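**Student:** Pasting a structure here, questions to come.
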Amino acid sequence: MDNQNNMQHPGQFVHQTNVGELNKFYGKVYGIFAAGLGMSALTAWLGSTIFKTQFLNFIDRFPLGFWGLWIAQLILVLVMGKKATKNPSFTLAGFIVYSLLTGVTLTVTLMSYSQATVVQAFVTAAVTFAGAALVGMFIKKDLSIIGRISLILVWGLIITMLLNVFIFHSSGLDLALAVVGVVVFTGLTAYDNQMIRTYFYQFQNQENTGIAAFVALQLYLDFINIFLYLFRIFGYDDN
């Protein structure tokens, strides 16, 4: 038997090794992502059931407390982005804190809508997210342009939503923004999943737990926003 035919080309071995490590990185990212969703769901459930009285008292005493939580979450995202490669432990801890804070804010959502709306929104969000994630993982086309456009639209959504809350007070505009929001964050989900490969190859010679936590945060934000916008669509008649 010709031994040369059984020899593996060095480049092929490196490629297979990279694929194996890339799959591990995917697993780490989605493991952190799933843990974050689980913590948020548990916190929201506890806040809307077992600790409902304490939660309502908090709202009564500190009606602007949720602005503080929102600001704290925004600061966490900015800091985690800077610390992802320098301080993996801090980045991972920041993601845990962010997930818990989001669970607290989601408590209001669970109290505001019917159980049927919650189930509808979650199932639809899960299917939408999974479909977009698969597109991002396997499509060959570069989705950078979609990512850039989506990020611009996110700022447009935020500005228009604030104007609607404080000036327009239009329920029709709110519904339209919710539809646009689902489309925008579905596009970001595909883009962020494609970026997992980019981050892996960019930092493959470094300890990547911090990077995995930061990427998981991006996916977490995509899912939560799809979920919340779908809440507003399915729960349009609840309020």
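**Student:** Could you tell me whether residue 31 is out of contact with any Ser or Thr (no Cβ under 9 Å at 6 or more places or on another chain), open to solvent by less than 50 Å² (accessible area, probe 1.4 Å), modelled with pLDDT of 90 or more and small (Gly, Ala, Ser)?
**Tutor:** On the way: out of contact with any Ser or Thr (no Cβ under 9 Å at 6 or more places or on another chain): yes; open to solvent by less than 50 Å² (accessible area, probe 1.4 Å): yes; modelled with pLDDT of 90 or more: yes; small (Gly, Ala, Ser): yes.
Taking the combined requirement at face value, the residue satisfies it.
**Student:** Within the stretch 143-174, can you find the residues that are of a type in the set (D, E, K, R) and under 23 Å from residue 193 (Cα atoms)?
**Tutor:** 148
**Student:** Every residue in the stretch 34-68 that is within 17 Å of the chain's Cα centre (by Cα) and either modelled with pLDDT under 95 or open to solvent by less than 70 Å² (accessible area, probe 1.4 Å) (or both), please.
**Tutor:** Scanning the stretch 34-68 gives 34, 35, 36, 37, 38, 39, 40, 41, 43, 44.
**Student:** Being crowded, with 18+ Cβ neighbours inside 10 Å, part of a helix (DSSP H, G or I) and of a type in the set (A, V, I, L, M) is the requirement here; does residue 182 meet it?
**Tutor:** Numbers: crowded, with 18+ Cβ neighbours inside 10 Å: yes; part of a helix (DSSP H, G or I): yes; of a type in the set (A, V, I, L, M): yes.
Yes.
**Student:** Quick check on this structure: which one of 145, 149 is more than 25 Å from residue 41 (Cα to Cα), in contact with a helix residue (DSSP H, G or I) (Cβ under 8 Å, 6 or more places away or on another chain), in a helix (DSSP H, G or I) and free of Cβ contacts under 8 Å to residues at least 40 places away in the same chain?
**Tutor:** 149
**Student:** Would you confirm whether or not the stretch 102-113 contains a residue that is open to solvent by 70 Å² or more (accessible area, probe 1.4 Å) and in a helix (DSSP H, G or I)?
**Tutor:** No, every residue in the stretch 102-113 fails to be open to solvent by 70 Å² or more (accessible area, probe 1.4 Å) and in a helix (DSSP H, G or I).
**Student:** Restricting attention to the stretch 65-91, which residues are of a type in the set (Gly, Ala, Ser) and in contact with a helix residue (DSSP H, G or I) (Cβ under 9 Å, 6 or more places away or on another chain)?
**Tutor:** Correct list: 65, 72, 81, 84, 89.
**Student:** Provide a single number: the residues in the stretch 141-173 that are of a type outside the set (A, V, I, L, M, F, W, C) and open to solvent by 50 Å² or more (accessible area, probe 1.4 Å).
**Tutor:** Filtering the stretch 141-173 for residues of a type outside the set (A, V, I, L, M, F, W, C) gives 141-142, 144, 147-148, 150, 156, 160, 164, 169-172.
Add one more test, that the residue is open to solvent by 50 Å² or more (accessible area, probe 1.4 Å), and what stays is 141-142, 148, 169, 171.
Of the residues in the stretch 141-173, 5 are of a type outside the set (A, V, I, L, M, F, W, C) and open to solvent by 50 Å² or more (accessible area, probe 1.4 Å).
**Student:** Can you report the number of residues in the stretch 192-239 which are assigned to a loop (DSSP other than H, G, I, E, B) and open to solvent by 60 Å² or more (accessible area, probe 1.4 Å)?
**Tutor:** 8
The values are calculated or read from the model by the stated rules, or taken from the named source; none is laboratory data. Note that the structure is predicted; figures quoted are calculated from it, not measured. No Cβ is skipped: glycine too gets one built from the backbone with ideal geometry, and neighbour counts run over all protein chains shown. Each accessible area value is taken on the protein alone, full model and side chains, heavy atoms only, with ligands, DNA and RNA left out. Shrake-Rupley method; radii C 1.70, N 1.55, O 1.52, S 1.80 Å.
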